[in-house]
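The values are calculated or read from the model by the stated rules, or taken from the named source; none is laboratory data. None of these values were measured; they are calculated from a predicted model. Here the Cβ positions follow ideal geometry from the backbone for every residue, glycine too, while neighbour counts run over all protein chains shown. What goes into the accessible areas is simple: the full protein's heavy atoms, side chains included, and nothing from ligands, DNA or RNA. Shrake-Rupley method; radii C 1.70, N 1.55, O 1.52, S 1.80 Å.
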Amino acid sequence: MITEETPLHAPLEIGFDYTRSLGPVLAHFMTQLANRRITGIRGSDGRVHVPPVEYDPHTAEALTEFVDVSDVGTVRTWSWVSHPVEGQPIQRPFAWALITLDGADTALLHAVDVDSTEQIHTGMRVRVRWADEPVGHITDIAYFVPADAGEERGDAPTPPRPPATERAEDGTVRTVITPIQLDYTHSVSPEESRYLRALAEGRMLGQRCPECEKVYIPPRGACPTDGVPTTTEVELPDTGIVTTFCIVNVPFLGQRIQPPYVTAYILLDGADIPFLHLVLGCEADEVRMGMRVRAAWKPREEWETSLQNVSHFEPTGEPDAPYDSYAHHL
Amino acid sequence: MSNVAVVGFAQAPNVRNTQGTTNGVEMLVPTLAEAFEQTGLSKSDIGFWCSGSSDYLAGRAFSFISAVDAIGAFPPINESHVEMDAAWALYEAWVKILTGEVDTALVYGFGKSSAGTLRRVLSLQLDPYVAGPLWPDSISIAGLQARLGLESGRWTEEAMAEVAARSLADATTNDRAQRSGDAEVAELLANPVVADPLRAHDIAPVTDGASVVVLAAEERAREIVDRPAVITGFEHRIDSPSLGSRDLTDSPSTRAAAAAAGIDGVELAELHAPFTHQELILREALGLDSGVRVNPSGGALAANPMFAAGLTRIGEAAKQIIDGTAGKVLAHATSGPALQQNLVTVLEGIR
C-alpha cells in the first residue's frame, strides 16, 4: 500500500510576446494612436465604431470610411477594481469604464484614474491621458482621467510599455506586440511526486498497471491503455537501452549543448515505456538502436526532485540488445 | 436520422482547490467510472469521445492530451476536443451520432481554475488587439454589464440577491456543490460590494471540477435507461466580440438560439449564469415565465468549474428527465465575456 503524501507543486511562469499583424483597418487605428489621435470607422447605418471594426456588423461588408473622433468622451458604465492584476493599465485601485468618445457611437473599454468610487459616475466626462512615447498599440491610451482634471494630477503607476514594432516605409504600424505573462501553481500527480522524490534519493521509481502489467516510468496517474490508476511501485535500475534516437544538428534558443548531439528514447531494464534523454560519452554517429546505456548522475549535492539529476546516459560497452527484445517498445 | 439522447451524467466534487494536476486525470478517473457504472457501459462501448478544456487555464500546451490518459486511448479511440466549455463538445458529439457513424459518445469537461488567477487568465479570451492587452478581468467586465442594468432600471440589487439566495438554498441538496446555504436577501444586501457594483454573492466561485455526459442514439439509449433524455432542440449563437457595441443588458444570441431550438413548454431550465444579473438577462431573453423552475442544482453560483459548468447544466437538466421528475427541460451554456456566446439544448422524455 502506498501512503499518500502531499503532491509536489512549484510556481510556473510562462510568457510569450504575441506578435500580430494588422489588417488595413487596425493598422490605421494603431498608426493614428502613435500620433495621439483616435480614429473610428463608419458602418453601413452611419454609426461610427470606436474601436473600429473591420466588417459591418449588419451587412458583413468590409468597412473603409475612417472618422477621427475626440479624445474626450462620456462614461456609459463603470466597475471598480480594488486589487489590480498584473498588466492592467493602472496599478492602483481604478475604474474600468465603457467610454463613448465624442464623435463615436460605440464605446471603448478602458481604465479611468480616480481615487475612489465617489469620484466616478455614469455620464462623467473623461479625457485620454496619453502614454509618454506612443508606439502604435492600444496602451498608447495609457488611461483616462476626469475631463476637468488639471495637469497637476500626477501620473498613475502603469505597467511596462509594449515594444515598438518595425513600421512600413510610410510610417504605418503593421504589427503589434503584446507580451503575455501568466503565473500558475503547477502540481504533479501523487504518482509523479513519488517518482520525483525517489529521484532526489538517486532512485528510479516506476509503477505497474494492475490490468496490463506494463511498467511506466515516469508513472502516470492512469494507464493510457486501461484508464485505471497505476498503483504498484517498481524500483528500476539506472541501466537500459536506446530504442530510437535522433542527432540534433539544429541550433535553437535555449540550447544547452553544442550540436551535434544525440537525444534518445531510453528504455530502462524492466520498464515498458521509454523516456527521452541525452546520450553522451561517445560520438553521435556511434549511437545505435539497441545500444546498452547507463545513467550518468550529477554530483549528489546537486540532486533535486528532477530527472535532471541524471545529466545524460552513456554507453556501457555491453553487447547491443537484439532488435526483437525491444521491437514492441518502439 | 435517429434522435440522440442523454443517458448518463456524473460530476466530480466541485471544490476551490484540488491537489490534482491541471490535466484533470485525478478528477476524471472516478467521474468516468461513475458514468460507466450508471449506464452499464464500458470503455469499449463508446464510439466517440469529445472533451472541452483550456490550455490557458492549465498553463501548459496540449493539456487535453494528458487527460486522454484518463479514458484509456489504446487501442486507438475516436476522439476530439474543443477549447471551449464541454457543452460545445457535446454539440460535436451530437452531430457525430446524427451522422450515423457511431451510436454512443462520451463527453467530458474539466478545469483546474485554481492553478492560476482565473479572472486574469480569462482576459485572454478577449479581442487581442484593442481589449486583451489591457487585461480587463472577467469580474470587472461583468460589473460593467451589471451596472448598465441597474442604472437603466432593467434589474435591481434585490433581484440579483434573490438569484443568489435561491441558488444557494437549492444547492443545499446538491452534494457536489461548492457553495450552498440559507441566506435572506436582506442579509446578502448588507454585505459590502467587492467589485462595485458586485457583491460576493453576485459572483460565481472559483471552482476546480469536471463532469461527464454519456449520449446514445435513441434506439440504443432505450436499452441503457428506461427514460432517456432525448435532445429535441440544440442551437448555439454568438454576439459581437466588440463589448462596447453590444447592448450588454440583453442577450440576442440566447434569444436567437432559443427561437431556433424551440423551447415552448419547458418546465425547468438549467442556466449557466456565472453572475447573478446574467441569470436575469437569460430569463428575459428566453422568455421564461415564473412557472419555469430555474437551476434546481444551484447553478453556476453554487459551482462554476471552467469548461465543465455548461456541460453540467445539460447533465443536471437531463437527470430531471431520466429520473422522471420533468417531461421537457432546457439547458443553457455560455462562453466568452458577458454572455457573448450561448447554447440552448432542449431535452424531452419521449415514450
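Rounded, prolate or oblate, given the Cα gyration tensor of segment A:16-180, with a/c below 1.5 counting as rounded?
Details: a/c = 1.88, a/b = 1.26, b/c = 1.50.
It comes out oblate by the Cα gyration axes.
Angle between the Cα long axis of helix B:86-98 and the longest principal axis of chain B, 0 to 90 degrees, nearest 10?
40
Would you work out what percent of the accessible area of segment B:70-211, with all protein chains in place, is carbon or sulfur (probe 1.4 Å)?
For segment B:70-211, the apolar C and S fraction of the accessible surface comes to 52 percent.
If a/c stays under 1.5 just call it rounded; otherwise compare a/b with b/c (prolate if a/b is bigger, oblate if not). Do that for segment B:159-279, with a ≥ b ≥ c from the square roots of the Cα gyration tensor eigenvalues.
Details: a/c = 2.33, a/b = 1.37, b/c = 1.70.
Verdict is oblate for segment B:159-279.
Based on Cβ point charges of +1 for Lys and Arg and -1 for Asp and Glu, what charge dipole magnitude is obtained for segment A:188-236 about its Cα centre, in debye rounded to the nearest 20?
On the way: 6 positive and 8 negative charges, 24 e Å.
For segment A:188-236, the charge dipole is close to 120 debye.
By average Cβ neighbour count within 10 Å, what is the ranking of A:253-263, A:282-292, A:97-107 from highest down? Each step should come with its number before you reach the end.
Numbers: A:253-263: 11.5, A:282-292: 15.4, A:97-107: 22.4.
Packing proxy ranking, top to bottom: A:97-107, A:282-292, A:253-263.
Report the charge-dipole magnitude of segment A:237-330 in Debye, nearest 20, computed about the Cα centre from +1 at each Lys and Arg Cβ and -1 at each Asp and Glu Cβ. All intermediate terms of the calculation are to be shown ahead of the outcome.
Working: 6 positive and 13 negative charges, 43 e Å.
Dipole of segment A:237-330, to the nearest 20 debye: 200 debye.
Of the residues B:340, B:38, B:11, which exhibits the maximal mean-square fluctuation in a Gaussian network model of chain B defined by a 10 Å Cα contact cut-off?
Among B:340, B:38, B:11, the largest GNM mean-square fluctuation belongs to B:38.
State the Cα centre-to-centre distance between segment B:23-39 and segment A:148-198 in whole Å.
37
In a shell of Cβ-Cβ distance under 12 Å around residue B:5, excluding residue B:5 itself, what net charge do Lys and Arg (+1) and Asp and Glu (-1) give?
-3
How big is the charge dipole of segment A:194-274 about its Cα centre, in debye rounded to the nearest 20, if each Lys and Arg gets +1 on its Cβ and each Asp and Glu gets -1 on its Cβ? Each step should come with its number before you reach the end.
Details: 7 positive and 9 negative charges, 69 e Å.
Using only the charged Cβ atoms, the result is roughly 340 debye.
Projecting each Cα onto the charge dipole of the protein assembly as shown (Lys/Arg +1, Asp/Glu -1 at the beta carbon, about the Cα centre), which of B:349, B:9, A:122 comes out farthest on the positive side?
Result: A:122.
Convert 10 °C to kelvin, take the viscosity as 1.306 mPa s, use the Kirkwood radius over C-alpha pairs of chain B as Rh, and evaluate the Stokes-Einstein diffusion coefficient in µm²/s, rounded to a whole number. Kindly include the intermediate steps, with their values, before the conclusion.
Details: Rh = 20.0 Å.
Diffusion coefficient, whole number: 79 µm²/s.
Let me check something: with ligands and nucleic acids excluded, how do A:273, B:71 order by accessible area (1.4 Å probe), largest to smallest? Don't jump to the answer; show the numbers that get you there.
On the way: A:273 50, B:71 5 Å².
Reading off the accessible areas and sorting them downward yields A:273, B:71.
Specify the residue with the greatest mean-square fluctuation among B:316, B:151, B:162, computed from a Gaussian network of chain B linking alpha-carbon atoms under 10 Å apart.
B:151
If you take every DSSP beta bridge whose two residues both sit in segment A:16-180, what share of them, in percent to the nearest 5, is antiparallel?
On the way: 35 of 36 bridges.
Antiparallel: roughly 95 percent of the beta bridges in segment A:16-180.
Out of residues 5 or more away from residue B:72 or on other chains, whose amide H comes under 5 Å of its own, with H placed 1.01 Å from N in the peptide plane?
A:227
Which three lengths, in whole Å and largest first, does chain A cover when its Cα atoms are put on their principal axes?
82, 48, 42
Report, in listed order, any pair from A:214/B:96; B:43/B:112; B:112/B:319; B:96/B:328 with a Cα-Cα distance greater than 30 Å.
Numbers: A:214/B:96 33 Å; B:43/B:112 24 Å; B:112/B:319 25 Å; B:96/B:328 23 Å.
Correct reply: A:214/B:96.
Say we join alpha carbon atoms closer than 10 Å with springs in a Gaussian network model of chain A; which of A:59, A:158, A:77 then has the biggest fluctuation?
A:59
What FRET efficiency comes out for residue A:64 versus residue A:153 if R0 is 41 angstrom and r is the Cβ-Cβ distance? Round to the nearest 0.05.
0.60
Does anyone have the angle between helix B:157-171 and the longest principal axis of chain B? Alpha-carbon axes, 0 to 90°, nearest 10?
30
Per-residue mean of other chain beta-carbon atoms within 10 angstrom of the beta-carbon, peptide A:221-233? Walk me through the intermediate numbers first.
Details: counts 12, 12, 4, 8, 6, 3, 15, 4, 5, 1, 0, 0, 0.
Counting other chains' Cβ atoms within 10 Å and averaging over A:221-233 gives 5.
Can you list, bin by bin at 10 Å, the percent of alpha carbon pairs in segment A:257-330, starting at 0?
Taking all Cα pairs of segment A:257-330, the binned fractions are 17, 50, 29, 4 percent.
Please work out whether the protein assembly as shown counts as rounded, prolate or oblate from its C-alpha gyration tensor, where a ≥ b ≥ c are the square roots of the eigenvalues and a/c under 1.5 means rounded, while otherwise a/b larger than b/c means prolate and anything else oblate? Don't skip to the end; give the middle numbers.
Values: a/c = 2.02, a/b = 1.28, b/c = 1.57.
Oblate.
Can you send over the carbon and sulfur percentage of the accessible area for chain A, probe radius 1.4 Å, protein chains only?
Details: 8110 of 16180 Å².
Here it works out to 50 percent.
Under a straight-distance cross-link criterion of Cα-Cα below 18 Å, which aspartates and glutamates are reachable from residue A:298, leaving out those fewer than 8 residues away in the same chain?
Qualifying aspartates and glutamates at Cα under 18 Å: A:201, A:238, A:314.
Compute the angle between helix A:24-34 and the longest alpha-carbon principal axis of chain A, please, reported from 0 to 90 degrees and rounded to the nearest 10.
70
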